[in-house]
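Q: One structure follows; several queries about it will come next.
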Amino acid sequence: MPRLTPEASAFDVQAALKGVVIDRTRSIGPQIYEALRSRIIDNRFPPGTALSEKEVARICDISRTPLRAAIQDLAGEGLIIVKPQVGSVVAPHDAARVREAIFIRAAIEAAVARRLAETGIDEAALAPVLAAQKAAGERDDYLTFFRYDEEFHRMLAQMADVPKAWQMVQSVKAHIDRQRLHLMSSISGRSMRAYDDHVQLLEAIRRGDAGDAAAVMRDHVNSALETLETGAPES
């Protein structure tokens, strides 16, 4: 269990929560859950950060009841550790959870790719997302690329008529994304390699080659594991 270090205790939670605006016409719990989750994933809340319920509730001007529920949900995902008498701490990176998440994601998304090779895709709908990916890749802007990468994979599941498949992926992939955004944004050319994978995937789907489409998708997802384990670009 991680200890609360002086550095973690002194972390500027208010600065990290800048920009959080709660819509009082909507349920507060899901909003604060998403605000905290996104900041853990993109490392605005790095591992070891102490999250005081009192402080977060004050900064976001919410009651502690929906906040406590959000923290429990995040603890269930392994993103936060709740320690009695101490409080909530952002969990360390967990290599075992990353491997498990990549295994699950590769299996689900390979099945999506296989299905699309059999049913076809809406290329016109995908074109703007691909163009945005390419532009971000050419700028070596991994954070922007990541956002369009998410949309690309979500749209594939939707086009395969299995939108809940992407929801299942989302439920396990936070541990992958934390390390992706921490490491891969520093690897030159990583975005363009991912973009090239997407192009190759779409070519296999156009040919109706279900086996190749599934293999390309599986390799694409698994490449994240190789990069995360070596800390270097794939060869």
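Q: State whether the residues of segment 136-147 include one that is touching a residue at least 40 places away in the same chain (Cβ under 8 Å) and over 25 Å from residue 40 (Cβ atoms).
A: Yes; the residues of segment 136-147 include at least one that is touching a residue at least 40 places away in the same chain (Cβ under 8 Å) and over 25 Å from residue 40 (Cβ atoms).
Q: Further question on the same structure: Considering only segment 136-149, how many residues are open to solvent by less than 80 Å² (accessible area, probe 1.4 Å) and in contact with a Phe, Trp or Tyr (Cβ under 9 Å, 6 or more places away or on another chain)?
A: Of the residues in that region, 4 qualify.
Q: Right, another one. Can residue 15 be described as of a type in the set (A, V, I, L, M), surrounded by fewer than 19 Cβ atoms within 10 Å (Cβ to Cβ), within 22 Å of the chain's Cα centre (by Cα) and more than 23 Å from residue 167 (Cα to Cα)?
A: yes
Q: Keeping to segment 35-60, report how many residues are under 19 Å from residue 92 (Cα atoms), outside any loop (DSSP other than H, G, I, E, B) and not hydrophobic (A, V, I, L, M, F, W, C).
A: Residues meeting the conditions: 3.
Q: Next up: What tally of residues in segment 131-163 results from selecting those that are basic (Lys, Arg) and under 16 Å from the mean Cα position of the chain (by Cα)?
A: Going through segment 131-163 one residue at a time, the tally reaches 2.
Q: I'm checking my understanding of the structure. Among residues of segment 61-75 that are surrounded by fewer than 19 Cβ atoms within 10 Å (Cβ to Cβ) and of a type outside the set (Ser, Thr, Tyr), which one is farthest from residue 91 (Cα to Cα)?
A: 61
Q: Let me ask you something else. If you go through segment 108-135 one residue at a time, how many are in contact (Cβ under 8 Å) with a residue 24 or more places away in the chain and in a helix (DSSP H, G or I)?
A: Total satisfying the criteria: 19.
Q: Step by step: first the residues of segment 76-119, then only those that are more than 21 Å from residue 171 (Cα to Cα) and open to solvent by 30 Å² or more (accessible area, probe 1.4 Å), then the one that is farthest from the chain's Cα centre (by Cα). Which residue is that?
A: 85
Q: Sticking with this one: Restricting the search to segment 150-161, which residues are farther than 14 Å from residue 105 by Cα and either of a type in the set (A, V, I, L, M, F, W, C) or surrounded by 17 or more Cβ atoms within 10 Å (Cβ to Cβ) (or both)?
A: Those that are farther than 14 Å from residue 105 by Cα and either of a type in the set (A, V, I, L, M, F, W, C) or surrounded by 17 or more Cβ atoms within 10 Å (Cβ to Cβ) (or both): 152, 155, 159, 160.
The values are calculated or read from the model by the stated rules, or taken from the named source; none is laboratory data. Only a predicted model underlies this, so the values are computations on that prediction, with no experimental measurement involved. Ideal geometry is used to build each Cβ from the backbone, glycine not excepted, and the neighbour counts take in all protein chains shown. To get the accessible areas, we keep the full protein, side chains included, count just its heavy atoms, and leave off ligands, DNA and RNA. Shrake-Rupley method; radii C 1.70, N 1.55, O 1.52, S 1.80 Å.
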